[in-house]
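Encoded as structure tokens, the structure appears first; notes follow it.
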Amino acid sequence: MKSAIVMIKEQISVDLALRDSADAFFDYLESIPQKEIVVDFNSVKSISRSFAHEYVTRKNHSKKSITETNVPDNIKKMFYVVEQPAEKTLVFDLRTVRAITL
């Protein structure tokens, strides 16, 4: 069976912003009968961190083989950011701080 090619700008917009939009997009992808899907990012201008995070999360949990094509550099960079494990900076250690009564 041939791969399905989906133009993301036609399904959502050239500006990918909302987490709910990514959810709805993946619901649509899951309804496509093909097991292999190519998401074409041609002409997409921007992507929010929340959209990118939800996209990556849903892609990782999908039973379909989903690949991307024509991904602009700024979109690639955002996907890279959300795929990296987050290191949290420790501001102070609660185990060593004593509470005071006011």
Log entry, pairs with first residue in the range 63-80 being open to solvent by 30 Å² or more (accessible area, probe 1.4 Å), second being part of a strand (DSSP E or B), beta carbons closer than 6 Å, six or more apart or on different chains, reads 65/36; 67/38; 68/39; 69/38; 69/40; 70/40; 78/47
Members of the range 81-99 found to be at pLDDT 75 or above and either among the aliphatic types (A, V, I, L, M) or open to solvent by 100 Å² or more (accessible area, probe 1.4 Å) (or both), listed by number:
81, 82, 83, 85, 95, 96
Flag for residue 34 being loosely packed, with under 12 Cβ neighbours inside 10 Å and out of contact with any helix residue (DSSP H, G or I) (no Cβ under 7 Å at 6 or more places or on another chain):
no
Can you tell me which of (1) exposed (fewer than 10 other Cβ atoms within 10 Å of the Cβ); (2) in a loop (DSSP other than H, G, I, E, B); (3) of a type in the set (S, T, N, Q) is the one residue 43 doesn't meet?
(1)
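Given the residues 26, 51, which is the only one that is free of Cβ contacts under 8 Å to residues at least 60 places away in the same chain, touching a Leu at 6+ places or on another chain (Cβ under 9 Å) and surrounded by 12 or more Cβ atoms within 10 Å (Cβ to Cβ)?
51
The values are calculated or read from the model by the stated rules, or taken from the named source; none is laboratory data. It should be emphasised that the depicted structure is a prediction, and the values quoted were computed from it without experimental measurement. Backbone-built Cβ (ideal geometry, glycine too); neighbour counts: all protein chains shown. Side chains included, ligands, DNA and RNA excluded: accessible areas come from the protein's heavy atoms. Shrake-Rupley method; radii C 1.70, N 1.55, O 1.52, S 1.80 Å.
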